[in-house]
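S.K.: Below are the structure tokens for one structure; questions will follow.
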Amino acid sequence: MATLEPAQVHARLDAISHALVHMAPVMLYVGERCYSNLGRFSNLPGRSLAPGAEGSVLTALRDTPVPRWKAEDATFVACMHALISSGSPVRAEEFNGIQLAPDVLREFLRERISAYGEPLPDTRGLPAGAALDLLSGACARARAALVADGAVFYREINGASLHKRERRMAEPVTWAELPPELTALLAEAAGLPFPYAAGPEELGSYTRSLVERVTAGPVPAGFTTAYEGFLHRFFETVAEALDCDVVMGAAPRTSSSCTAPCPPSAGRPWPPGTSTAAWRRAVPSARGSARTGPPWPPPCPRTAPACATTPGTTCRTACRGRTRSRAETTGSSRRGCPTSPTGPTSTTPATSPSGSATRCACRWASCWRAASGPACTTCG
């Protein structure tokens, strides 16, 4: 590391920081020292520390000349950069709970290159850091070539240690290989036979039909929406069909979250029809902390009222019986959250505290529209 120019060192620190905030938590060890972005152990950027936070090791290293770095920190930066550059950046999670040491990483990269079917580069006579960089580059190119040829990778996860291991599918997976219990559930939910030979367009149409039918159905006991009940059945079916002890998944809490129109936030106008998902993707850097950056711009409500699409509208989500909740607003002002839901769906207008807007109340959300805007015909 000491042979690199300061700009090169900072580029490596930036690459590590960027990778860490875009992956699941890590807990790595260099000797006796732990490097993590997980909860109370955090000394790296992630959910607990924002990039540039004072408590981050990377922040301190940026302001310190490399010759004055601790040996553990220099080892961490050299190895971590080589690791995240060797393929998908989330490869760092494959060292969770184990030592991130030059010799361990060297053998890891050599094993991967061989598994990818490529010859090992000659690292004889090279310093440890240069050898790791050479192996990392060769590994990344070999993996990229396989992906270009259609290889599909997945990871095995140890839930206790967070350790993950990359695996490659032996052969392409088709819809016909889905567990019959799962396709039966999808067919029941959609009211149509599962399209085993479907292409992207047909599958998209089938999915839309499934979601529409599910959301129009009754709400199962114990759930707030029919959609949530279906997600529970889906993961429960996967667990039973594959004999899994634990099943995890990421999905929107409401079926409309990815397509609901999102009102423009203060100072951030968005084209009409911009979806919540697209809006969130467009401003990832805005997720900051009060100490290190601007607050995350407020998202539009999970159930987007029709009157919430008017520029200048102020929206909020009710507390569902709690006394506090974040305010969600499209203007510069913020309104407090009611201490209980606003009651049954209603389109009865009411004058806002400022007298310049009209309120449209519904079960879980209230919104104010500009007095000159369209009538509040629906809400939630």
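S.K.: In the list Ala7, Ala19, which residue meets the criterion of being at pLDDT below 95, more than 30 Å from Ala160 (Cβ to Cβ) and assigned to a helix (DSSP H, G or I)? Show your work before the answer.
M.R.: On the way: Ala19 fails: more than 30 Å from Ala160 (Cβ to Cβ).
None of the other options fit; the residue is Ala7.
S.K.: In the stretch 105-136, how many are closer than 21 Å to Val26 by Cα and touching a helix residue (DSSP H, G or I) at 6+ places or on another chain (Cβ under 8 Å)? Steps first, please.
M.R.: Narrowing the stretch 105-136 to residues closer than 21 Å to Val26 by Cα: 105-109, 112, 132, 136.
Next cut, touching a helix residue (DSSP H, G or I) at 6+ places or on another chain (Cβ under 8 Å) only: 105-106, 108-109, 112, 132, 136.
Number of matching residues: 7.
S.K.: Quick check: anything in the stretch 134-150 surrounded by 11 or more Cβ atoms within 10 Å (Cβ to Cβ), part of a helix (DSSP H, G or I), modelled with pLDDT of 90 or more and charged (D, E, K, R)?
M.R.: Looking through the stretch 134-150, at least one residue is surrounded by 11 or more Cβ atoms within 10 Å (Cβ to Cβ), part of a helix (DSSP H, G or I), modelled with pLDDT of 90 or more and charged (D, E, K, R).
S.K.: Which one of these is outside the structural domain of Ile113 (by TED's automatic domain parsing), farther than 30 Å from Glu111 by Cβ, charged (D, E, K, R) and under 23 Å from the mean Cα position of the chain (by Cα): Glu212, Glu202, Glu236, Glu188? Please lay out each step first, then the result.
M.R.: Details: Glu212 fails: under 23 Å from the mean Cα position of the chain (by Cα); Glu202 fails: under 23 Å from the mean Cα position of the chain (by Cα); Glu188 fails: under 23 Å from the mean Cα position of the chain (by Cα).
Answer to the selection: Glu236.
Condition check ((1) of a type outside the set (Asp, Glu); (2) in contact with a Phe, Trp or Tyr (Cβ under 9 Å, 6 or more places away or on another chain); (3) more than 22 Å from Ala19 (Cβ to Cβ); (4) free of Cβ contacts under 8 Å to residues at least 24 places away in the same chain) across all residues:
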| position | (1), (2), (3), (4) |
| --- | --- |
| Phe95 | yes, yes, no, no |
| Val104 | yes, yes, no, yes |
| Thr123 | yes, no, yes, yes |
| Cys139 | yes, yes, no, no |
| Ala142 | yes, yes, no, no |
| Ile157 | yes, no, no, yes |
| Thr174 | yes, yes, yes, yes |
| Gly199 | yes, no, yes, yes |
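S.K.: Another question, then. Taking the stretch 192-211 on its own, how many of its residues are farther than 20 Å from Pro179 by Cα and in contact with a helix residue (DSSP H, G or I) (Cβ under 9 Å, 6 or more places away or on another chain)?
M.R.: Here the count works out to 2.
Residue-by-condition table, conditions (1) closer than 19 Å to Phe235 by Cα; (2) in contact with a Ser or Thr (Cβ under 9 Å, 6 or more places away or on another chain); (3) not aliphatic (A, V, I, L, M):
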{"position": "Arg124", "(1), (2), (3)": "no, no, yes"}
{"position": "Ala148", "(1), (2), (3)": "no, no, no"}
{"position": "Tyr154", "(1), (2), (3)": "yes, no, yes"}
{"position": "Pro179", "(1), (2), (3)": "yes, yes, yes"}
{"position": "Glu188", "(1), (2), (3)": "yes, no, yes"}
{"position": "Val219", "(1), (2), (3)": "yes, yes, no"}
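The values are calculated or read from the model by the stated rules, or taken from the named source; none is laboratory data. No experiment lies behind these values; they were computed from the predicted model shown. Don't worry about glycine lacking a Cβ; one is built from the backbone with ideal geometry, like all the others, and counts go over all protein chains shown.
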